[in-house]
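No lab work stands behind these numbers, since they all come straight from the coordinates. The structure presented is a predicted model; accordingly, all values stated were derived computationally and were not measured. Methodologically, a virtual Cβ is constructed for each residue, glycine included, from the backbone with ideal geometry; neighbour enumeration extends over all protein chains shown.
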Amino acid sequence: MKRREFFRTSFGAGIAAGAALSLGGYDRLWAAAPGTAKYDMVAVMGGNPDAMFDLAIQELGGMETFVKKGQKVLVKPNIGWDVVPDLAANTNPLLVKRIIEHCFKAGAKEVYVFDHTCDNWVNAYKNSGIEKAAKAAGAKMVPGNSENYYHQISIPGGVKLKSAKVHEILLETDVFINVPILKDHNSTRMTASLKNTMGIVWDRGYWHSNNLHQCIADYALFERKPALNVIDCYNVMVKHGPQGVSKEDVVQMKSQILTADWVAGDTAAAKILGVDPQKIDYIPIAHKMGIGNMNLDNLNIKRIKM
Amino acid sequence: MTSSFLRKFRIAFSAIIFICFLAVFLDFRSLIPEKFINYLLFLQFVPSAIKYIDLKTVAAGGFMVVILLTLLSGRTYCSFLCPLGIGQDINSRIGGKIRKKFRRYGFSRPHTIVRYSILALMLGTAVFSGVYVLILLDPYSIFGRFMTYLGKPVILVINNFLANILGRFDIYTLSHVEIKGFKLAAYIVPVVFAILTGVLSFIKGRLYCNMLCPVGTLLGLISKISLFRVKFNESKCTKCGRCSIRCKSSCIDFLNYDIDVSRCVDCFNCIDTCPEKALSYSLLGTRSKVHEETKPDESKRKFIKGSVLMLLGISSYTRAQEKTVPVPKKESTVKEPRTSPVCPPGAGSIEFFTRNCTACSLCITSCPNKVLQPATGQYGLAGFMQPVMDYHKSFCSYNCTVCTEICPTGALKPLMPEAKKLSQIGKVNFIKDNCIVKTEKTACGACSEACPTKAVYMIPYEGNLVIPETNQEICIGCGHCEFACPVTPYKAIFVDGNPVHQAAKKPENKESDITTPVEFPF
């Protein structure tokens, strides 16, 4: 599909008829709709990041459940900081690599990796180890450093965040796999799946100044939802997050959560971090808005210990 | 030597040097290692001399090599090593191609009073008050500013054009780079000098170098006793005058067999052009008179008008590239009470820094984060164009030491990453009355999130909210908090510069009592 044409038709229609319909004509966007898997959530504990993912994705019926042959996939880790992998400020590169390999095995045509970093993007891509890992697996690293790459979308149901500029690669790919790392966060208390979307948009300063928690929940209404969230809880930054100061901030938890429901995923992640999910405002807000389910008791969860 | 080899060698050598300089200043992807930049800049006269006065080490002795070179060979520096000189040669050449007349120079008298006054003024101010005149007139720094303020935007436009095309095919090897302009005032100096050197070299060859450039004048004085020089073989000369017409420095008085060595830049064009091989570059020989005039004409005016418009166009284009950010509904009310600007890491103190920096802008163009901006008034009038940290534009990367490693004048001293992480260039200050958490009663924490040392941390506020608190002892003044703060027009957190840089305390950190889980907590 021609990119321009895509934008013109989708956004043109969106402005005219409301963005809910804006992408309606493009079935491929829904090709990997969640809900086709055996479980609502798979949680693994006790292995290496790649081995845990192998096991968990198998329980969900393999990557084929989410990625169809010939599709383009966006793998969106957290690469916010210019620090080494041991400090666990960025998603584990080994996990990113393994996810990409599974995507290609399932027949993906292209896999793209990007983040709108907080630190200098060139250094963050490099020092996080993710650039090397992703390229080794055959994925393309996409820069996110310039406003030029971001396109206006609207979020009709948003309470505070009614529009945002999102990276073009999210709009051009068929499947979105969200790969956050679980971390302590100084103001929202925790960052995982939902908060990882702050690296998809350009103007996150707006979120900070317009009720951060509400904006995080509002963004999750946007049509391009993740087909799968893989929450990296292998090394977890338990304090001084999201950037961390030194290794003392990190505890090895050797866990991983796979789910299509990011509210459920974040609820489980909060419990791993030892924080009451009710106290992380965006989780109950998102639950009330119907974005996902924070009542884990109502979900079909597969728990695996390695 | 009388062969045309000398001229060809000069052109080849200077072309390589010039390309290296272009690469160093236009390298927006930080591909060139700092070491290479240091090698290239070692021989730049003014930066090296300033560094030597401060450090007194052989490592900063490039200018002495240049003096020796001048004693031996005359002003070869001006033709072989000076990027501004080589650039002017290229420009003269273009001028000659457009109008043959512009490449017919002829002999003229030296501007003795002007050039020696400027040299005296420069030496005088350098001894008594600092580098202020040099900031304007050091040829290397002038060239650096051309590249940073006028050349780089052009390269970025080309890069972005190509990146956009490649992006259509999902190729991201080139990435789009936002062109962030500087304050308008910062363009005044480079634009004025671009016009001055551009016009003079276009129609008058090396007039700028022989009238205004203090380095040219100084080396000219030294070359009066140089060993090798261009000289006439009076028996062979037929007084055809071709040499004099080709001389960019207008220093050949062929009627009297006299070449003014203080102005000769050893370009060797005369040797190449002489049909009788009556000119040679060899050991010793001198004497001096006569000149011709040219009238101004339309094409000159047109050219000047064109180039002025182009230069102004570049500066206004780059400024127009700045995009707007959505503004939160409430505006902050308390103006940041700044007492001092923040000067770059490695400077030691503002006083030392402003006395040693020639505003060549190499650090400004090399800074990966673009936090270094030309000062317009922060250091006072004398420090105009010297780099200053601007935390509204960007912030200083915790791990980065690029500016300290490449500074050719030693105004910034090299810092190891570990030393840089403890070098406090300013201190954080929090203005609670501007903070979103207080004014809007919503969560933010962008400042604390950004802080690499946790000098900004969050403490409980109302309900579930947390609000920033600062610890100046471990703050290094990187400005990431100020940059990240979403409040406008005044920030709720800002870094006030340390006039004298201090040592920050190393942040302490204890192991967490949270342990590795053995059971799923859900």
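About its Cα centre, how strong a charge dipole does the protein assembly as shown have in debye, to the nearest 20, once Lys and Arg get +1 and Asp and Glu get -1 at the Cβ?
That gives a dipole near 3840 debye.
For the stretch A:199-260 and the stretch A:71-86, what is the centre-to-centre distance using only Cα atoms, to the nearest Å?
After rounding, the separation between the Cα centres reads 12 Å.
Using amide H atoms built in the peptide plane, which far-off residues or other-chain residues are under 5 Å from A:A88 H to H?
Amide H neighbours of A:A88: none.
Output the 0 to 90 degree angle, nearest 10, between the alpha-carbon long axis of helix B:62-73 and the longest principal axis computed from the alpha carbons of chain B.
10 degrees
Suppose each label sits 7 Å from its Cα in the direction of the beta carbon; what would the B:A59-B:A185 distance come out to in nanometres?
3.6 nm
Taking the Cα of B:T516, stepping 7 Å toward and past its beta carbon, and measuring to each backbone N in the stretch A:36-58: which are under 14 Å?
A:45-49
Assign one of three labels to chain A, namely rounded, prolate or oblate, based on the Cα gyration tensor with a ≥ b ≥ c the square roots of its eigenvalues; rounded applies when a/c is under 1.5, prolate when it is not and a/b is larger than b/c, and oblate otherwise.
Rounded shape, in that the Cα axes give a/c under 1.5.
Determine the relative contact order of the stretch B:350-503: mean sequence separation of Cα pairs under 8 Å and six or more apart, normalised by residue count, in whole percent. It would help to have the intermediate numbers written out before the result.
On the way: 289 pairs, mean separation 36.4, N = 154.
It rounds to 24 percent for the stretch B:350-503.
Can you tell me the convex hull volume per residue for the stretch B:350-503, based on C-alpha atoms, in Å³ to the nearest whole number?
In the stretch B:350-503, the Cα hull volume divided by residue count equals 103 Å³.
How many angstrom lie between the C-alpha centres of the stretch B:382-421 and the stretch B:222-280?
The two parts, judged by their Cα centres, are 46 Å apart.
Counting Lys and Arg as +1 and Asp and Glu as -1, each charge on the Cβ, what is the dipole of chain B about the Cα centre in debye, to the nearest 20?
On the way: 62 positive and 37 negative charges, 577 e Å.
The dipole of chain B has a size of about 2780 debye.
Could you give the size of the charge dipole of the stretch B:350-503 about its Cα centre, using +1 on the Cβ of each K and R and -1 on the Cβ of each D and E, expressed in debye and rounded to the nearest 20?
That gives the stretch B:350-503 a dipole magnitude of about 200 debye.
When the helices in chain B are scored as -39500 (n - 2.57) per DSSP H run of 4 or longer and the sum is shared across all residues, what 222 nm value do you end up with, to the nearest 500 deg cm²/dmol?
-12500 deg cm²/dmol
For the pairs B:K8/B:K100; A:K72/B:K180; A:K162/B:K491; B:K180/B:K491; A:K239/B:K427, flag any whose C-alpha to C-alpha distance is greater than 28 Å.
Details: B:K8/B:K100 21 Å; A:K72/B:K180 33 Å; A:K162/B:K491 25 Å; B:K180/B:K491 20 Å; A:K239/B:K427 23 Å.
A:K72/B:K180, as the Cα separations exceed 28 Å there.
Quote the relative contact order of chain B in percent (integer), defining contacts as alpha-carbon pairs under 8 Å separated by 6+ residues.
Taking the mean separation of contacting Cα pairs over the length of chain B, I get 17 percent.
Past 32 Å, Cα to Cα, is the threshold; run B:K335/B:K370; A:K135/B:K183; A:K165/B:K152; A:K279/B:K393; A:K288/B:K393; B:K51/B:K454 against it and keep the listed order. Walk me through the intermediate numbers first.
Working: B:K335/B:K370 24 Å; A:K135/B:K183 39 Å; A:K165/B:K152 28 Å; A:K279/B:K393 34 Å; A:K288/B:K393 38 Å; B:K51/B:K454 36 Å.
Correct reply: A:K135/B:K183; A:K279/B:K393; A:K288/B:K393; B:K51/B:K454.
Across the stretch B:458-469, in residue order, what do the Karplus-derived ³J(HN,Hα) couplings come to in whole Hz, using 6.51 cos²θ - 1.76 cosθ + 1.60 with θ = phi - 60° and x for Gly and Pro?
Values per residue, Gly and Pro as x: 9, 10, x, 10, 9, x, 7, 6, 10, 10, x, 9 Hz.
Dividing the alpha-carbon Rg of chain B by 2.2 N^0.38 Å yields what?
Normalised by 2.2 N^0.38 Å, the Cα Rg of chain B equals 1.16.
How much net charge surrounds A:G157 when only the other residues with a Cβ under 15 Å from the Cβ of A:G157 are counted, with Lys and Arg +1 and Asp and Glu -1?
With Lys, Arg at +1 and Asp, Glu at -1, the net is +3.
Within a 10 angstrom radius of each residue's Cβ in B:500-511, how many Cβ atoms of other chains show up on average? Whole number is fine.
What the average comes to for B:500-511 is 2.
Show me the three semi-axes of the equivalent ellipsoid for the stretch B:466-507, from the C-alpha gyration tensor (sqrt of 5 times each eigenvalue), largest first, rounded to whole Å.
Square roots of five times the eigenvalues give 21, 13, 8 Å.
Within a Cβ distance under 9 Å of A:L273, other residues only, what is the Lys/Arg minus Asp/Glu net charge?
Details: positive: A:K183, A:R189, A:K271; negative: A:D184.
Counting the neighbours of A:L273, the net charge comes to +2.
Average partner chain C-beta neighbours within 10 Å, per residue of B:163-171?
Mean number of neighbouring Cβ atoms from other chains: 3.
Taking the dipole about the Cα centre of the stretch B:350-503, with the C-beta of Lys and Arg at +1 and of Asp and Glu at -1, give me whichever of B:Y490, B:T401, B:G479 is farthest to the positive side.
B:T401
Which residues in the stretch A:199-235 place their backbone N less than 19 Å from a point set 7 Å from the Cα of B:K441 along the Cα-to-Cβ direction?
Residues A:208-215 fall inside that zone.
How high is the FRET efficiency between B:E351 and B:L221 when r is their beta carbon distance and R₀ equals 41 Å, given to the nearest 0.05?
Efficiency computed from Cβ-Cβ geometry: 0.85.
Lys/Arg Cβ at +1, Asp/Glu Cβ at -1, dipole of the protein assembly as shown taken about the Cα centre: which of B:A347, B:P139, A:I304 is farthest positive-ward?
B:P139
In the neighborhood of B:A163, defined by Cβ-to-Cβ distances under 13 Å, what is the net charge if each Lys or Arg adds +1 and each Asp or Glu adds -1?
Surrounding charge for B:A163 is -1.
Peptides B:496-506, A:181-191, A:62-72: what's the order by average Cβ count within 10 Å, highest mean first?
A:181-191, A:62-72, B:496-506
Going by the alpha-carbon gyration tensor, a ≥ b ≥ c the square roots of its eigenvalues, is the stretch B:341-430 rounded (a/c under 1.5) or, if a/c is not under 1.5, prolate (a/b greater than b/c) versus oblate? Write down the numbers at each step before the final one.
On the way: a/c = 1.39, a/b = 1.17, b/c = 1.19.
Since a/c stays below 1.5, the shape of the stretch B:341-430 is classed as rounded.
Quote to one decimal, in nm, the extra length available between B:N464 and B:C240 on full extension: 0.36 nm per residue of separation minus the C-alpha distance between them.
Using 0.36 nm per residue and subtracting the Cα-Cα distance, I get 71.5 nm.
From the backbone phi of the stretch A:76-85, what are the Karplus-calculated ³J(HN,Hα) couplings (6.51 cos²θ - 1.76 cosθ + 1.60, θ = phi - 60°) in whole Hz, Gly and Pro given as x?
10, x, 9, 10, x, 10, 7, 9, 6, x
Taking beta carbons within 10 Å but only from partner chains, what does the mean come to for residues A:176-189? Numbers along the way, then the final one.
Details: counts 0, 0, 0, 0, 0, 0, 0, 0, 2, 5, 15, 14, 6, 5.
Partner Cβ neighbours, averaged per residue: 3.
Taking a quarter of the surface of the convex hull around the Cα atoms of the stretch A:103-154, what do you get in nm²?
Seen from a random direction, the Cα hull of the stretch A:103-154 projects 4.8 nm² on average.
Whole-Hz ³J(HN,Hα) for each residue in the stretch B:106-118, computed from phi via Karplus 6.51 cos²θ - 1.76 cosθ + 1.60 with θ = phi - 60°, x for glycine and proline: what do you get?
x, 6, 9, 6, x, 8, 4, 5, 4, 5, 6, 5, 4
Over 18 Å between Cα atoms, which of B:K35/B:K413; A:K247/A:K271; B:K101/B:K239; B:K56/B:K413 qualify?
Flagged as over cut-off: A:K247/A:K271; B:K101/B:K239.
Sequence gap at least 6, Cα distance under 8 Å: using those rules, report the relative contact order of chain A to the nearest whole percent. Numbers along the way, then the final one.
On the way: 686 pairs, mean separation 67.6, N = 306.
Reported relative contact order: 22 percent.
Could the peptides B:212-218, B:102-108, A:294-300 be put in order, highest first, of the mean number of other beta-carbon atoms found within 10 Å of their residues?
Details: B:212-218: 25.0, B:102-108: 20.4, A:294-300: 13.6.
Highest to lowest by the protection proxy: B:212-218, B:102-108, A:294-300.
Return the distance in nm (one decimal) between the two label points of a simple spin-label model at B:T112 and A:D276, each offset 7 Å from Cα along Cα→Cβ.
For B:T112 paired with A:D276, the spin-label model returns 9.2 nm.
Picking from A:V75, B:L41, B:L84, whose Cα lies most toward the positive end of the charge dipole for the protein assembly as shown (charges on Cβ: Lys, Arg +1; Asp, Glu -1)?
Among A:V75, B:L41, B:L84, the one farthest towards the positive end of the dipole of the protein assembly as shown is B:L84.
For a bin width of 20 Å, list the pair-distance distribution of the protein assembly as shown built from all Cα-Cα distances, rounded to whole %.
Percent of pairs per bin, in order: 15, 40, 28, 15, 3, 0.
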